[in-house]
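All remarks here apply to the structure that follows.
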Amino acid sequence: MTEELIIAGFGGQGVLLTGRLLCVAAMRLGKQVSHIPSYGAEMRGGTANCSVVISDEDIASPVIERPSIVIALNGPSVAKFEPRLRPGGLLIWNSSLVKQAPTRSDLVLVSLDAADRSLSEGTERAANMAAIGALLKLKPDIVPMEAVEAALDEVISARNRKHNPVNLRILHAGYEITKTINAA
């Protein structure tokens with residue numbers, strides 16, 4: 001199994017944290033990983049994305065030309081990365097913020113109201129957790145939920161660990177609601 005993921009959004013959405021969390025969880029299971037973060041100069045509101053490769057085998061290159069999975073947390077990320085997805089790829093998009101739905105018919109398109117799920121738990125900063133939950137539901141061979149839960153305290157900074165109970169609730173909510181999402 002090898003999955004090439006692009007996680008994208010704007011600064012403050014936890015895009016880079018999402019990639020790191022998936023990588024740490026996979027490494028703990030003995031999988032091979034690569035993680036390349038990319039972000040603008042702005043602290044919040046600028047563009048951010050990361051390339052993540054998770055594999056059971058050695059990774060030849062961390063550069064992703066045609067990802068198998070894209071998690072797009074805002075509209076510009078859908079516009080930028082939808083065309084790059086390989087045919088048959090998975091696109092999880094944040095329907096809470098993305099007003100222009102993806103249009104390709106050769107993809108598995110999953111609409112997830114990630115930001116609304118996060119807000120329902122009292123925070124606007126955990127839409128990424130809902131997206132991870134959806135990913136784990138749709139692609140359980142990447143890493144199991146338990147591995148992500150175990151990696152959370154390692155990846156989240158000490159001063160922000162107090163938010164982990166909320167992060168876990170949103171992670172599980174994303175997982176649970178995905179079974180009702182129509183993945184076309």
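Tabulated data
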read-out: Residue within the stretch 105-116 that is touching a helix residue (DSSP H, G or I) at 6+ places or on another chain (Cβ under 8 Å) and over 22 Å from Ile170 (Cα atoms) present; value: yes
read-out: Residue within the stretch 83-91 that is touching a residue at least 40 places away in the same chain (Cβ under 8 Å), more than 18 Å from Arg20 (Cα to Cα) and out of contact with any strand residue (DSSP E or B) (no Cβ under 6 Å at 6 or more places or on another chain) present; value: yes
read-out: Top-ranked residue in the stretch 14-41 [being of a type in the set (Gly, Ala, Ser) and outside any helix (DSSP H, G or I); ranked as surrounded by the most Cβ atoms within 10 Å (Cβ to Cβ)]; value: Gly14
read-out: Which numbered condition Glu42 misses (of (1) modelled with pLDDT under 95; (2) of a type in the set (Asp, Glu); (3) under 25 Å from Ala150 (Cα atoms)); value: (3)
read-out: Residue check, Ala126 modelled with pLDDT under 95 and over 26 Å from Leu168 (Cα atoms); value: no
read-out: Output for the stretch 96-116, where each listed residue is closer than 26 Å to Arg84 by Cβ and assigned to a helix (DSSP H, G or I); value: Ala114, Ala115
read-out: Any pair with Cβ under 8 angstrom, 6 or more apart, that starts in the stretch 121-133 at a residue that is free of Cβ contacts under 8 Å to residues at least 12 places away in the same chain and at negative phi and ends at one that is surrounded by 24 or more Cβ atoms within 10 Å (Cβ to Cβ) and hydroxyl-bearing (Ser, Thr, Tyr); value: Glu124/Ser118
read-out: Residue within the stretch 130-152 that is among the charged types (D, E, K, R), exposed (fewer than 15 other Cβ atoms within 10 Å of the Cβ), under 16 Å from Leu90 (Cα atoms) and at pLDDT below 95 present; value: yes
read-out: Scan of the stretch 65-82 for residues that are outside any helix (DSSP H, G or I) and surrounded by fewer than 19 Cβ atoms within 10 Å (Cβ to Cβ), ordered by number; value: Glu65, Arg66, Ser68
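The values are calculated or read from the model by the stated rules, or taken from the named source; none is laboratory data. Model, not experiment: these values are computed from the prediction. Using ideal geometry, Cβ is built from the backbone for each residue, glycine included, and neighbour counts are taken over all protein chains shown.
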